[in-house]
């Protein structure tokens with residue numbers, strides 16, 4: 001249990017560091033901004049209380065945003081993600097329910113399930129982030145394209161990272 | 001009362017969500033304001049120190065480009081060196097010329113953090129109020145105008161870059177017509193110059209430089225070149241796209257402009273304004 005918690009905290013710190021030190025400095029046409037750090041929120045265990053997830057999301061968003069002077073924006077987007085997460089669980093619930101000891105990952109839930117789960121949540125996060133940043137619906141379609149492209153790119157990165165770091169692939 | 005508590009308990013998740021979002025929105029609005037107390041943003045010492053480490057690595061990647069910028073600037077400044085001029089005047093006197101006073105001084109600062117792909121971008125530099133930097137000072141680089149100082153801590157300051165939706169820099173064309181320069185957030189190298197009357201002839205490639213109206217920048221600092229000219233909505237004014245001369249993606253060193261006559265100009269203008277408002 002304690003080892004699990006330490007692992008989760010380390011994952012948060014590592015992903016935030018990568019986001020701030022590397023990904024924030026990558027520019028791809030101005031329309032694609034990958035936010036890999038949401039992966040840490042996606043990977044929180046199923047049984048974690050949803051209120052606790054929300055508090056963790058707030059702190060994570062704040063920590064990332066402080067480096068780019070938009071802490072409120074990132075915090076808001078992360079809290080939104082944490083808010084819809086239980087709903088997405090319910091929506092995608094497999095017939096036999098979730099094993100409460102596991103956490104959402106390609107390894108436990110299969111690629112198909114994870115892709116839908118991650119795509120929905122990342123889209124919610126990115127849409128909140130980009131629309132709040134523009135703070136109007138003036139450039140509605142530009143922002144929508146931006147949200148869509150960034151979602152695809154973040155999802156792509158997350159899947160790559162999942163495959164790179166899942167050691168026990170042979171188990172399945 | 002018990003029913004109320006039961007109701008609150010039933011919707012506790014929703015309530016927590018609303019509470020946290022209110023907090024976030026409060027923070028978002030707070031971040032939009034100019035001159036707030038710098039509690040937790042990138043001019044905070046801990047955050048800025050961490051970013052400095054990251055940027056030390058990044059600097060190596062842009063060393064070649066930045067050397068080229070500085071060499072070009074040196075060449076430009078060398079052209080003003082008085083020893084290069086042959087003195088044609090014949091009258092000589094021993095008096096020191098006091099007809100000129102220094103108006104602008106420049107403080108060199110190193111960029112420690114910089115974003116370009118948000119809609120509102122900020123740059124953090126490693127000089128703060130300990131080095132005499134104050135909010136509202138202009139910031140330029142070897143290649144052109146950069147932005148305006150926003151928040152200042154003891155050893156760091158954050159600069160609201162030209163790439164920020166709220167930045168309105170006063171700039172002018174070679175012909176003397178001036179207007180505000182704004183950024184629409186689409187491309188880190190393009191800005192829009194508006195309020196130039198439609199009858200003004202503007203050529204592609206014309207230089208766009210700063211004016212001294214707002215006391216932020218010295219007059220004539222390079223901003224960019226005209227990239228395209230289109231009639232604006234309504235037809236009275238032009239919509240001019242400007243290719244910015246500053247490359248924000250590899251900024252390394254910037255100069256912070258201190259204007260010695262700023263207070264004098266501002267107090268005079270404030271006085272005139274208040275007289276105007278009182279109807280005299």
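For the list (1) free of Cβ contacts under 8 Å to residues at least 60 places away in the same chain; (2) more than 14 Å from chain B (Cβ to nearest Cβ); (3) under 20 Å from residue A:72 (Cα atoms), I need the number of the one condition that residue A:121 fails.
(1)
Under 7 Å between Cβ atoms, at least 6 apart or on separate chains: pull out the pairs that start in the range A:128-145 with a residue that is more than 10 Å from chain B (Cβ to nearest Cβ) and end on any residue that is not in a helix (DSSP H, G or I).
A:145/A:31
With the checklist (1) under 17 Å from the mean Cα position of the chain (by Cα); (2) part of a loop (DSSP other than H, G, I, E, B); (3) closer than 21 Å to residue A:32 by Cα in hand, flag the one item residue A:104 doesn't pass.
Checking residue A:104 against (1) under 17 Å from the mean Cα position of the chain (by Cα); (2) part of a loop (DSSP other than H, G, I, E, B); (3) closer than 21 Å to residue A:32 by Cα, the one that fails is (3).
Taking the range B:230-253 as the search range and keeping residues that are part of a strand (DSSP E or B) and modelled with pLDDT of 90 or more, which one is nearest to residue B:194 (Cα to Cα)?
B:240
So for the range B:182-197 (the condition being surrounded by fewer than 17 Cβ atoms within 10 Å (Cβ to Cβ) and out of contact with any strand residue (DSSP E or B) (no Cβ under 7 Å at 6 or more places or on another chain)), does at least one residue qualify?
Yes, the range B:182-197 contains at least one residue that is surrounded by fewer than 17 Cβ atoms within 10 Å (Cβ to Cβ) and out of contact with any strand residue (DSSP E or B) (no Cβ under 7 Å at 6 or more places or on another chain).
Among the residues of the range A:56-78, count how many are facing chain B (nearest Cβ under 8 Å) and more than 25 Å from residue B:164 (Cβ to Cβ).
1
What number goes with the only condition from (1) farther than 22 Å from residue A:15 by Cβ; (2) under 17 Å from the mean Cα position of the chain (by Cα) that residue A:151 does not pass?
All conditions are met except number (1).
Please work out if residue A:81 is within 14 Å of chain B (Cβ to nearest Cβ), more than 16 Å from residue A:36 (Cα to Cα) and in contact (Cβ under 8 Å) with a residue 40 or more places away in the chain.
So residue A:81 does not fit the description; no.
Any residue in the range A:93-101 that is modelled with pLDDT under 95, assigned to a helix (DSSP H, G or I) and more than 8 Å from chain B (Cβ to nearest Cβ)?
no
Going through the range B:56-80 one residue at a time, which ones are within 17 Å of residue B:245 (Cα to Cα) and not in a helix (DSSP H, G or I)?
Across the range B:56-80, the qualifying residue is only B:62.
Picking from B:210, B:246, B:215, which residue would you name as being closer than 20 Å to residue B:137 by Cβ and touching a helix residue (DSSP H, G or I) at 6+ places or on another chain (Cβ under 7 Å)?
B:215
I need the full set of residues from the range A:107-146 which are more than 14 Å from the chain's Cα centre (by Cα) and surrounded by 17 or more Cβ atoms within 10 Å (Cβ to Cβ), in order please.
Within the range A:107-146, A:107, A:109, A:130, A:131, A:132, A:133, A:134, A:139, A:143, A:146 meet the criteria.
What residue, among those in the range A:35-55 that are within 20 Å of residue B:11 (Cα to Cα) and surrounded by 19 or more Cβ atoms within 10 Å (Cβ to Cβ), is farthest from the other protein chains (Cβ to nearest Cβ)?
The qualifying residue farthest from the other protein chains (Cβ to nearest Cβ) is A:53.
The values are calculated or read from the model by the stated rules, or taken from the named source; none is laboratory data. Quick caveat, the model's predicted, so the values are computed rather than measured. Here the Cβ is made from the backbone with ideal geometry for all residues, glycine too, and neighbour counts use every protein chain on show.
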